[in-house]
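A short write-up of the structure that comes next.
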Amino acid sequence: MSPLRRLAFCVLFCVFAGTGASAAEQAPPRTLSVSGEGEVRAAPDQSSLSAGVTTGAATAAQALAANSRAMNAVFATLKKLGIPDNDIQTSNFSLSPQYQICKPGMMCPQRIVGYQVSNTVNVTVENLDKTGPVLDALVSSGSNQIGDINFLIHDTSVLLKQAREAAVKDAINRAQAYARAAGVTLGPILAILEGGGDYQPRPMNKIMAMMASAPPIAGGELSVSANVTITWQIQ
C-alpha cells in the first residue's frame, strides 16, 4: 500500500473510531425512578379552638360596651386557666347594624333596629387533657361562640423522620420488585428527591350548645406522611 493510501486509511479509521467513542461516552445511562410513601400515626398532644362573644344592643356604643365586658371576662378566664398570651390571638372582630325584619308577604321600610358586635379569638391549649375544662370555663364566663376545634401535635420532627425512613424503604422495595420483573439489576443511586410532607390537624365538629360540665374530648390519632422519589442506574 502506498504511503498516501496508508495515510488516508489512518485518517478515516481514526475519525470513525473517535466518533464511536464519543457517542458511547455521551449516551445517557439507563435509569429507573420509583416513588415511595411513608406514614406514621400518633396521638395528638394539643388542641386549638375558637372562642368569642356576640352581643347586641340598641346602639353601637352599647353593643360594643357589652361585648368588651364579656370578652374581658373571657380573657380573665383564659389567664386563670394558665393559657399564655402568645397562645391567644384575635381572629375576627365585627360591628354591624341589624335591620328590621319584615313579615312574610309584607313590605316595610329598611330601618336599623340595633347593632351587633362579634369578637372571636383563637386559643391553643398546650395540654390536650385541659381542652374539656377550658371549653366549660369559657362558656361559664360568657362565651357564646365556640367552635373550630382541631387536634395538634406540638413537635412532628421525630415523626417526620420516621415517615421519611419508611418512604425510602418503600421506594427501595418497589424498585427491587420492578427490577426483578424487568430482568435488570439496580446500580448506584443517582438522585433522591423529597416530595411535600403532609400533616393535617384533625377537626372536631363545632360546639354551639351551652355546656353544664366539662365535655369529654377524644383526640384519636393524627398522621404524618412523607414521600420520596429515588432514581437508580440500572444494568
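Listed values, structure above:
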item	result
Whole-Å distance, taken between Cα centres, linking the range 59-80 and the range 143-172	36
Relative contact order %, the range 48-152, counting alpha carbon pairs below 8 Å whose residues are six or more apart	48
Cα-centred dipole magnitude for the range 48-152, charges only on beta-carbon of K, R (+1) and D, E (-1), debye, nearest 20	520
Amide hydrogen neighbours beyond the local backbone of Gly195, cut-off 5 Å, H modeled	Asn227, Val228, Thr229
Cleavage-rule hits (trypsin sites (Lys or Arg not before Pro)) in the range 65-172: DSSP loop, at most 10 neighbouring Cβ within 10 angstrom	Arg111
Under 5 Å, built H, 5+ apart or other chain: amide partners of Tyr99	Val113
Under 5 Å, built H, 5+ apart or other chain: amide partners of Asp45	Leu152, Ile153, His154
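Throughout, read-outs are computed from the coordinates displayed, never taken from laboratory work. None of these values were measured; they are calculated from a predicted model. Virtual Cβ from ideal backbone geometry, glycine too; neighbours counted across all protein chains shown.
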